[in-house]
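Beneath this line is the structure, given in structure tokens, with notes to follow.
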Amino acid sequence: MLKTRILMLAMILSVPAAALFAQAGRGNAPSTPKAASPTDFAGYWVSVVSEDWLYRMVTPAKGDYASVPLNAEGRKVADAWDPARDEAEGNQCKAYGAPAIMRVPGRLHITWQDDDTLKIEIDSGTQTRLFHFRPTAGDAAGWQGTSMAGWEVVAGARGPIPGAALKVVTTKIRPGYLRKNGVPYSGNAVVTEYYDRLNEANGDSWLVVKTIVEDPQYLAQPFITSTHFKKQADATGWNSTPCAAR
């Protein structure tokens, strides 16, 4: 079930919001994005590291950027990684920006900040992401950038709202690292994410996040990852920790 739904994420199709709610048989669309939400992401989630263990659970060696499609400029920057310099400059959070933060092992707390904004608090690095469903002046260009969100439908899925996934596009991101060992992304990077909740017959719920990072400055092609989180009943294990450069 889980693997099937993950494969379906690769075939996500855009649909206007009005069409989405018409399919659900709701008539007029609800007045706010929160009221219109077809999937409930609220609660606590813990990351499950089932792949890329050596790149996520420990800091890779300098110069190890296997599977990241860096171009020549990107490799040059990665080869010059200096964590001591990052610490001296107060840049310990370079590996906790929007292009990389969902890959950092830890826990999420998802809530609605208001009727138009979904909030994700992350204990690793004590980061907060805000997903805006309506046009906004934007957050200050920081590690999490400015994120615009909307609902899309997964092709071939079934149900009252067939496979509704949350699409998030993030721009205006402070330059940082895709991995903790200095693998770079630039301030022009664009991050496109798809969030999908999967409910299993045994009662388990999973959050699958497909992330696509596009950055012509440092990447020869898009960098694509899929990250998994398991639903928790409460905040057990929550441990806010500061960013670390090593």
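The values are calculated or read from the model by the stated rules, or taken from the named source; none is laboratory data. The structure displayed is predicted, hence computed values, not measured ones. Please note: Cβ atoms are built from the backbone with ideal geometry, for glycine as well, and neighbour counts cover all protein chains shown.
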A201 is checked against (1) surrounded by fewer than 18 Cβ atoms within 10 Å (Cβ to Cβ); (2) under 14 Å from the mean Cα position of the chain (by Cα); (3) among the hydrophobic types (A, V, I, L, M, F, W, C) and fails just one. What number does that condition carry? (2)
Reported set for the stretch 88-123 where residues are more than 16 Å from T225 (Cβ to Cβ) and small (G, A, S) is A88, G90
If you take the residues in the stretch 65-103 that are of a type in the set (S, T, N, Q) and in contact (Cβ under 8 Å) with a residue 60 or more places away in the chain, which one is surrounded by the fewest Cβ atoms within 10 Å (Cβ to Cβ)? N71
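Can you name the residue in the stretch 104-122 that is acidic (D, E) and touching a helix residue (DSSP H, G or I) at 6+ places or on another chain (Cβ under 9 Å) and is also surrounded by the fewest Cβ atoms within 10 Å (Cβ to Cβ) among such residues?
Of the residues in the stretch 104-122, the ones acidic (D, E) are 114-116, 121.
Those left that are additionally touching a helix residue (DSSP H, G or I) at 6+ places or on another chain (Cβ under 9 Å): 114-116.
Numbers: D114: 11, D115: 14, D116: 16.
Of everything passing the filter in the stretch 104-122, D114 is surrounded by the fewest Cβ atoms within 10 Å (Cβ to Cβ).
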Out of all the residues in the stretch 124-138, which are under 21 Å from F229 (Cα atoms) and among the polar types (S, T, N, Q)? S124, T126, Q127, T128
If we scan the stretch 216-230, do we find a residue that is surrounded by fewer than 17 Cβ atoms within 10 Å (Cβ to Cβ), touching a residue at least 40 places away in the same chain (Cβ under 8 Å), in contact with a Pro (Cβ under 9 Å, 6 or more places away or on another chain) and not polar (S, T, N, Q)? yes
Qualifying residue in the stretch 22-40 (condition: out of contact with any strand residue (DSSP E or B) (no Cβ under 7 Å at 6 or more places or on another chain), at pLDDT below 85, surrounded by fewer than 19 Cβ atoms within 10 Å (Cβ to Cβ) and in a helix (DSSP H, G or I)): yes
Among what's in the stretch 46-76 and is of a type in the set (K, R) and not in a loop (DSSP other than H, G, I, E, B), pick the residue that is nearest to I120 (Cα to Cα). R56
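Answer yes if at least one residue in the stretch 90-113 is of a type outside the set (S, T, N, Q) and over 24 Å from Y195 (Cα atoms), and no otherwise. Please lay out each step first, then the result.
From the stretch 90-113, those of a type outside the set (S, T, N, Q) are 90, 93-110, 112; that's our starting set.
The next check asks that each one be over 24 Å from Y195 (Cα atoms); those that pass are 90.
Yes, there is a match, as at least one residue in the stretch 90-113 is of a type outside the set (S, T, N, Q) and over 24 Å from Y195 (Cα atoms).
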Among all residue pairs at least 6 apart or on different chains, which show Cβ distances below 6 Å where the first residue, located in the stretch 108-134, is in contact (Cβ under 8 Å) with a residue 24 or more places away in the chain and the second is of a type in the set (S, T, Y)? H109/Y44; D115/T32; D123/S240; G125/Y96; T126/S240; Q127/Y96; F131/S147
Filtering the stretch 83-105 for residues that are assigned to a helix (DSSP H, G or I) and either within 16 Å of V191 (Cβ to Cβ) or small (G, A, S) (or both) leaves a count of 8
When you scan the stretch 161-214, how many residues do you find that are polar (S, T, N, Q) and part of a strand (DSSP E or B)? 6
If the Cβ limit is 6 Å and pairs must be 6+ apart or interchain, which residue in the stretch 37-56 that is touching a residue at least 60 places away in the same chain (Cβ under 8 Å) pairs with which residue that is of a type in the set (F, W, Y)? W45/F229; S47/F229
Filter the stretch 231-246 down to residues that are in contact with a Ser or Thr (Cβ under 8 Å, 6 or more places away or on another chain) and in a loop (DSSP other than H, G, I, E, B) and give me whichever is nearest to I101 (Cα to Cα). C243
